[in-house]
Amino acid sequence: MNWIDTILQGVLLGGLYALFAAGLSLVFGIMRLVNLAHGDLIILAAYLILVIVSALGLNPFLAALVAMPVMFALGWLLQRVVLNRVLGNDILPPLLVTFGLSIVIQNALLQGFSADSQRIGAGALETASVDFGPVTLGVMPMLTFASAILVIVGLNQLFYRTAMGRAFRATSDDPVTASLMGIKPASVFAQATGIAMIVVTIAALYLGMRANFDPTIGPARLIYAFEAVIIGGLGSLWGTLAGGVIIGVAQTLGAAVNPEWQILAGHVAFLLVLLVRPRGLFPRAYD
Amino acid sequence: MTILSLKDVSKSYGALRVTDGVSFDVPQGQALGIIGPNGAGKSTLFNLITGNVPADAGTITLMGRDVTRLTPMQRCLMGVGRSFQIPQPFGNLTVFENLLVAATHGTGASEREVSRRCAVILERTELIDRANQPAGSLSLLGRKRLELARAMATDPKLLLLDEIAGGLTEGECQALVATIRAIHAEGVTIIWIEHVLHALNAVVERLLVLDFGQVIGMGDPATVMASKEVREIYLGIEV
């Protein structure tokens with residue numbers, strides 16, 4: 001067994017998990033909203049890209065670009081019309097509402113697209129690989145990982161370098177005081193969810209090109225995303241990438257020992273990190 | 001010119017009248033101190049002025065305009081700045097970012113326009129060395145200074161300070177008083193609620209005494225403090 005190869009494949013897989021998790025981390029970090037429909041929203045975006053690809057005959061990457069504003073608008077509306085109403089001191093209402101949303105999305109997709117599994121065709125890119133001597137890495141996993149890094153760098157720039165980002169962080173710290181400063185939390189939250197949906201679209205693009213999907217696989221993606229966010233420390237985006245990489249590496253190592261251990265090894269790694277660092281690897285400094 | 005005017009302002013919570021027919025004027029540039037026992041309705045009076053609590057009766061006039069029905073946001077944009085009794089900084093933002101957020105949203109300007117002014121305010125409130133630290137790492141004095149700086153960042157014409165000197169050591173208190181004096185010297189009108197009387201007396205020109213929601217004394221600080229009624233009610237001294 002080639003250890004370096006296994007670990008590198010795991011790191012690259014972690015990029016995909018980080019993409020799944022980044023949107024979740026963003027929304028949780030800003031409004032303390034646990035979105036149980038996050039995985040289903042990724043699947044919804046994947047179908048949207050698929051429809052654009054087949055209807056307009058576009059390249060999947062261009063189709064994702066077209067899907068982004070649509071998903072942003074959807075996220076903005078979802079937050080404004082539904083989620084803002086249930087945010088408050090009680091964490092149960094948002095959980096119930098997003099759980100319901102998850103069921104609605106799954107069944108709507110089932111109605112519209114049937115239970116057949118689908119795939120976004122990416123042509124030669126699907127099998128292309130680059131030989132690095134002892135290891136051979138797929139172009140698609142490398143693109144995924146690079147996109148994850150770009151997404152996280154981009155979100156961090158937005159957070160720490162722009163007025164909008166400062167409003168996000170101020171609202172995240174204390175919505176009541178923020179509103180006294182003239183920030184409108186309801187509109188900040190809507191923008192944040194819109195941006196999270198753009199990240200969701202990027203995650204959906206790679207999910208759809210790398211694997212088959214059907215309307216019901218969202219919740220399974222949500223689990224990995226959750227674990228990545230929690231390992232990383234709630235609300236830290238680089239932490240989320242680290243979390244994704246840890247789960248990815250644990251899974252490929254587990255699979256290398258025994259293929260049945262792949263999923264289990266990821267969950268065990270998650271529990272081990274929590275044992276040592278209950279607040280995650282990079283928790284927020286002040287809560 | 002009168003910057004703030006309250007006329008027969010009242011507020012009740014159930015049967016409890018926390019503000020009972022309060023009337024007073026604050027001329028532009030004055031520093032007014034408000035004292036009174038705990039529960040006298042001092043903080044409620046501030047909430048009525050900022051609009052966080054709606055008045056049941058009476059009118060509040062800000063720079064000649066009736067603001068009784070305006071929202072806190074609208075009053076903030078008109079120039080009412082406020083520091084809180086318990087400091088509430090955005091702990092994960094740096095000190096400078098705390099000011100930027102307050103300045104951009106409190107005045108509607110862009111970050112570029114306000115950044116220089118924010119730096120000047122940090123200098124004056126002696127926070128400039130800590131500008132890039134997360135606000136959550138500040139000491140109590142630092143947090144109080146940040147409250148002051150953040151209120152200043154909204155470019156207030158009227159600055160409301162709520163027990164900003166409470167809980168500080170003697171030396172810290174004097175340092176903060178010097179800063180507030182400097183701000184007042186530039187012409188900012190200040191209304192200051194405070195239990196630390198010597199801090200208050202070092203700045204204010206006029207004193208207002210509240211008890212059970214009513215104004216029981218107002219005027220020159222020395223005269224007010226010497227009056228029998230105030231000494232009995234406020235200081236609990238039998239005269």
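The values are calculated or read from the model by the stated rules, or taken from the named source; none is laboratory data. Given the structure is predicted, the values throughout are model-derived calculations rather than measurements. Note: ideal-geometry Cβ built from the backbone for every residue, glycine included; neighbour counts use all protein chains shown.
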- [ ] Evaluate the following for A:L222: is it touching a helix residue (DSSP H, G or I) at 6+ places or on another chain (Cβ under 8 Å), within 14 Å of chain B (Cβ to nearest Cβ) and not acidic (D, E)?
- [x] no
Open item on the list: Only one of B:G136, B:G91 is facing chain A (nearest Cβ under 8 Å), surrounded by fewer than 23 Cβ atoms within 10 Å (Cβ to Cβ) and assigned to a helix (DSSP H, G or I). Can you tell me which?
Closed with: B:G136
TODO: Scan region B:139-164 residue by residue and report those that are of a type in the set (A, V, I, L, M, F, W, C) and surrounded by fewer than 21 Cβ atoms within 10 Å (Cβ to Cβ).
DONE: B:L140, B:L141
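Every residue, every condition in (1) of a type outside the set (V, I, T); (2) over 21 Å from A:I42 (Cα atoms); (3) touching a strand residue (DSSP E or B) at 6+ places or on another chain (Cβ under 9 Å), yes or no:
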site	(1), (2), (3)
A:Q106	yes, no, no
A:R119	yes, no, yes
A:L137	yes, yes, yes
A:L143	yes, no, no
A:A148	yes, no, no
A:G154	yes, no, no
A:T162	no, yes, no
A:G165	yes, yes, no
A:F168	yes, yes, no
Task: Residue tally, condition within 10 Å of B:T154 (Cβ to Cβ) and crowded, with 21+ Cβ neighbours inside 10 Å, over region B:70-88 - done: 4
Task: Set B:A119, B:A103: member being aliphatic (A, V, I, L, M), in a helix (DSSP H, G or I), within 22 Å of the chain's Cα centre (by Cα) and within 10 Å of chain A (Cβ to nearest Cβ) - done: B:A103
TODO: Filter region B:158-196 down to the residues that are in a loop (DSSP other than H, G, I, E, B) and in contact with a Ser or Thr (Cβ under 9 Å, 6 or more places away or on another chain), then identify the one that is nearest to B:E123 (Cα to Cα).
DONE: B:I164
Open item on the list: For region B:62-78, give me each residue that is touching a Leu at 6+ places or on another chain (Cβ under 9 Å), within 14 Å of chain A (Cβ to nearest Cβ) and either at pLDDT 90 or above or over 9 Å from B:T50 (Cα atoms) (or both).
Closed with: B:L70, B:M78
Open item on the list: more than 30 Å from B:Q74 (Cβ to Cβ), assigned to a helix (DSSP H, G or I) and either of a type in the set (F, W, Y) or out of contact with any Ser or Thr (no Cβ under 8 Å at 6 or more places or on another chain) (or both): is that true of A:I230 in this structure?
Closed with: yes
Task: Filter result for the condition that a residue is within 25 Å of B:I86 (Cα to Cα), at pLDDT below 90 and of a type outside the set (K, R), over B:G39, B:G33 - done: B:G39
TODO: Filter region A:23-56 down to the residues that are β-branched (V, I, T) and in contact (Cβ under 8 Å) with a residue 40 or more places away in the chain, then identify the one that is surrounded by the most Cβ atoms within 10 Å (Cβ to Cβ).
DONE: A:I42
Open item on the list: Looking at region A:6-13, can you tell me whether even one residue there is more than 22 Å from A:T171 (Cβ to Cβ), surrounded by 15 or more Cβ atoms within 10 Å (Cβ to Cβ) and touching a strand residue (DSSP E or B) at 6+ places or on another chain (Cβ under 6 Å)?
Closed with: yes
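Among the helices (runs of 4 or more DSSP H) contained in region A:83-192, which hold 1 or more residues that are within 14 Å of another protein chain (Cβ to nearest Cβ)? Lay out the reasoning, then the answer.
Numbers: elements: A:92-113, A:139-161, A:163-173, A:175-180.
Hits in region A:83-192: A:139-161, A:163-173, A:175-180.
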Open item on the list: Take the conditions more than 10 Å from every other protein chain (Cβ to nearest Cβ), buried (at least 19 other Cβ atoms within 10 Å of the Cβ), at negative phi and without any contact (Cβ under 8 Å) to a residue 60 or more places away in the chain and apply them to B:L48. Does it pass?
Closed with: yes
- [ ] Being within 29 Å of B:G136 (Cα to Cα) and either outside the structural domain of B:V18 (by TED's automatic domain parsing) or in contact (Cβ under 8 Å) with a residue 24 or more places away in the chain (or both) is the filter here, so list the residues in region B:51-85 that pass it.
- [x] B:G51, B:V53, B:R75, B:C76, B:L77, B:G79, B:V80, B:G81, B:R82, B:S83, B:F84, B:Q85
- [ ] Kindly indicate which of B:V204, B:V209, B:V230, B:V215 is free of Cβ contacts under 8 Å to residues at least 24 places away in the same chain and farther than 18 Å from B:T125 by Cβ.
- [x] B:V230
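Is it fair to say B:R112 is in a helix (DSSP H, G or I), surrounded by fewer than 17 Cβ atoms within 10 Å (Cβ to Cβ) and within 11 Å of chain A (Cβ to nearest Cβ)?
yes
Residues are listed down the side, and each one gets a yes or a no for (1) exposed (fewer than 14 other Cβ atoms within 10 Å of the Cβ); (2) at pLDDT 90 or above:
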{"position": "B:H195", "(1), (2)": "no, no"}
{"position": "B:H198", "(1), (2)": "yes, no"}
{"position": "B:V203", "(1), (2)": "no, yes"}
{"position": "B:L207", "(1), (2)": "no, yes"}
{"position": "B:I216", "(1), (2)": "no, no"}
{"position": "B:A226", "(1), (2)": "yes, no"}
{"position": "B:R231", "(1), (2)": "no, no"}
{"position": "B:G236", "(1), (2)": "yes, no"}
Task: Conditions (1) away from chain A (no Cβ under 14 Å); (2) under 18 Å from B:V26 (Cβ atoms); (3) in contact with a Lys or Arg (Cβ under 7 Å, 6 or more places away or on another chain); (4) not in a loop (DSSP other than H, G, I, E, B); number of the one not met by B:V203 - done: (4)
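Working only within region A:240-287, note down all residues that are of a type in the set (G, A, S) and either touching a strand residue (DSSP E or B) at 6+ places or on another chain (Cβ under 6 Å) or outside any loop (DSSP other than H, G, I, E, B) (or both).
Answer for region A:240-287, where residues must be of a type in the set (G, A, S) and either touching a strand residue (DSSP E or B) at 6+ places or on another chain (Cβ under 6 Å) or outside any loop (DSSP other than H, G, I, E, B) (or both): A:A242, A:G243, A:G244, A:G248, A:A250, A:G254, A:A255, A:A256, A:A265, A:G266, A:A269, A:A285.
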Task: First in region A:92-119 and over 29 Å from A:F61 (Cβ atoms), second anywhere and part of a helix (DSSP H, G or I) and of a type in the set (A, V, I, L, M, F, W, C), Cβ under 6 Å, 6 or more apart - done: A:P93/A:V86; A:P94/A:V86; A:V97/A:V86
Open item on the list: For region B:70-77, check the following and say yes or no: at least one residue is more than 15 Å from the chain's Cα centre (by Cα), of a type outside the set (K, R), farther than 22 Å from B:V204 by Cα and not in a helix (DSSP H, G or I).
Closed with: yes
- [ ] Could you please let me know if B:I86 is among the β-branched types (V, I, T), away from chain A (no Cβ under 13 Å) and within 20 Å of B:W192 (Cα to Cα)?
- [x] no
